[in-house]
Amino acid sequence: MKKLLFLTSVFLLLSCESTKRFNESLSQPISVTKLQNDVDFSYKKIKQLHPKLYWYISKEKLDYKFDSLKKSINKPMSGLAFYKELSQVVKTIGQGHLGISPSLERLSKKEQKLLKKRGKSAFSQFDFEFIDNKLIILKNRSRHDIKENTEVLLVNNERPSDLISMYKTRISSDGYNKTFYPHYLGRNFGVFYNLDKGKVQDSIKLLLKLEDKDSLFVIKRDTFGTNSKASSIKLSKKEQKEKMKFNSKYGYNKDTKTFTRELKFIENDSTTAILTIKQFNNGNSADFYKESFEKLAASNTKNLIIDLRNNPGGRLFEIGDLYSYLTPEPFVFIDDYEVVSRTSKLHVDYFKGGGPVVKFFKILGAPFFYSITYFKVRKEDDKFLFGTKLSKLSQPKPNNFKGKVYVLINGGSFSASSIISSNLKSTKRAFFVGEETGGAYNGTVAAQMPLVQLPNSKVNLKIGLALVSAFGKTDIEGRGIFPDKEIIPTIEDRKNKIDPELKWVLDDIKREKEVEELLKGKEPSKK
């Protein structure tokens, strides 16, 4: 026992020292030679793993940009400063999933426990939206009395519009799309602020525009609202199991205390329903869709509104499952994955996640995983392809929805939400309302996305390994799914709590109903 305690103490000491050295290295200037080596390393890795590198930029232009960056480095700089330079080159590739970020300070286990006790970080207490070139607070979870849709004038004496313009130079949408940036950067404003400053902000100063006068709020890390009374209520094992099952089906998010998926009926007669999906992730979606479409069939619902606004994407199998409830015909959902080579998919983070037991079984399964992954890749002409279940012919669900489908989209509709939208658009199965999606119509490079850390600067690259393309295509490259009816909400809509996209759809349903009643010789309903 004494030996075990001694070894544990030594391990913890070494771990603390390692964390300390890593954190100290982040602020140290890195030599010109090492930074230039990181430029070469980053481009080499991207070429090795990314299957559509020259989709939106020629090889010559991209070679020139990386070479120019390398030559421009003429003095030492920190990893954070290097990230800000390299990100502007990576952006020109035009792939929204190709992520880049600096390494932030690591915390020891003791520090993590202390922070957890201190509660939520400053930015995580709010949801933001960037609309009409203004940053507003969509949701307030802090102890401060701040109303929804309050405009943020300054963040630590900096204008949000200036900050977002700067952050925009460091990320890319898919292709030439412009609608992605305000939605993505607005909703992830705190994340990008932390990246820009190189650390998570425990305290921020927000100058807010209030009705009577502008007021300054100091937001600190806080435990307010983290412990609800409901959490202290003891449940029986049966009740706990039922609660877990319910939360999984509807995709409960414990951080925001909201559900990912929701179906509700607009009218008392159940002729119109709205299916809101915040992301294609989180929990047991199959049970939710099965239950939802059984309800729609039993209710004889005529109109289904699917809200994919600000849905950043998620699991492919989930959107494939949802699509099988929306189409009456057999379908192929996506093309075979396109990869760089037979070995590129072997770079997936296979051992990432899980405890010691999970890792043990992963070790046992590794030879089978890598062998199957390697041999599933085939070469056709000059391409390497990888077949999936969704690239084979699938059958629609027996109770697929037969009525009219509307889909609400905007620039925040990205990745998987764009892929399902591509198929619904190409088959003319749905009527789209809103704004051009942030994700491209003809596909994106994603699937598995391993993290590659540059050896000297510790800058991180997240690189998609496979081209994922919806079966439906368009001739317009580098753009998203365009709405059939374009509606762009304003900040006044938010303040007046008006949902203009949903309002237009409900009015359209009402108009069609009135026309139908007139054709039948009935007096239109006054509702």
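Overview of results
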read-out	value
Prolate/oblate/rounded label for region 14-166 (Cα gyration tensor, a/c 1.5)	oblate
Size of charge dipole - region 92-217 - debye, nearest 20, with Cβ of Lys, Arg +1 and Asp, Glu -1, no other charges	800
In region 79-108, trypsin sites (Lys or Arg not before Pro) in a DSSP loop with at most 16 other beta-carbon atoms within 10 Å	ARG106
Region 378-445-region 22-42 distance, computed between alpha-carbon centres (Å)	41
Radius 11 Å from Cβ of TYR289, net charge of other residues (Lys, Arg +1; Asp, Glu -1)	0
Estimated 222 nm signal from helices in the chain, with DSSP H stretches of n ≥ 4 weighted -39500 (n - 2.57), rounded to 500	-12000 deg cm²/dmol
Neighbour cut-off at most 12 other Cβ (10 Å), DSSP loop, trypsin sites (Lys or Arg not before Pro), region 438-508	LYS497
Accessible surface, the chain, averaged per residue in Å² (probe 1.4 Å)	54
In region 198-294, trypsin sites (Lys or Arg not before Pro) in a DSSP loop with at most 14 other beta-carbon atoms within 10 Å	LYS199, LYS213, LYS234, LYS254, LYS257
Qualifying lysines (Cα of each under 25 Å from Cα of LYS213; at least 8 residues distant if same chain)	LYS134, LYS139, LYS147, LYS205, LYS495, LYS497
Considering only the chain, percent of DSSP beta bridges that pair antiparallel, nearest 5	75
Check: the chain dipole with +1 on Lys, Arg Cβ and -1 on Asp, Glu Cβ, in debye	2440
Cut-off 11 Å between beta-carbons: net charge of the residues surrounding ALA470, Lys and Arg +1, Asp and Glu -1	+1
Whichever aspartates and glutamates have a C-alpha closer than 12 Å to that of LYS47, once near sequence neighbours (fewer than 8 apart) are set aside	ASP63
Hydrodynamic radius of the chain per Kirkwood, over alpha carbon pairs, in Å	25.8
Accessible-area composition of the chain, carbon plus sulfur, in percent [1.4 Å probe]	55
Cubic angstrom per residue, convex hull over Cα atoms of region 156-304	226
At 1.567 mPa s and 4 °C, Stokes diffusion of region 302-397 via Kirkwood alpha-carbon radius, µm² per second	79
23 Å Cα-Cα reach of LYS473 towards lysines, excluding residues that sit fewer than 8 places from it in its own chain	LYS52, LYS178, LYS379, LYS383, LYS389, LYS392, LYS404, LYS425, LYS428, LYS485
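The values are calculated or read from the model by the stated rules, or taken from the named source; none is laboratory data. Everything quoted here is computed from the prediction, not taken from an experiment. Here Cβ is always computed from backbone atoms with ideal geometry, including for glycine, and neighbour counts include all displayed protein chains. Areas reflect the complete protein model, heavy atoms only, side chains present, ligands, DNA and RNA absent. Shrake-Rupley method; radii C 1.70, N 1.55, O 1.52, S 1.80 Å.
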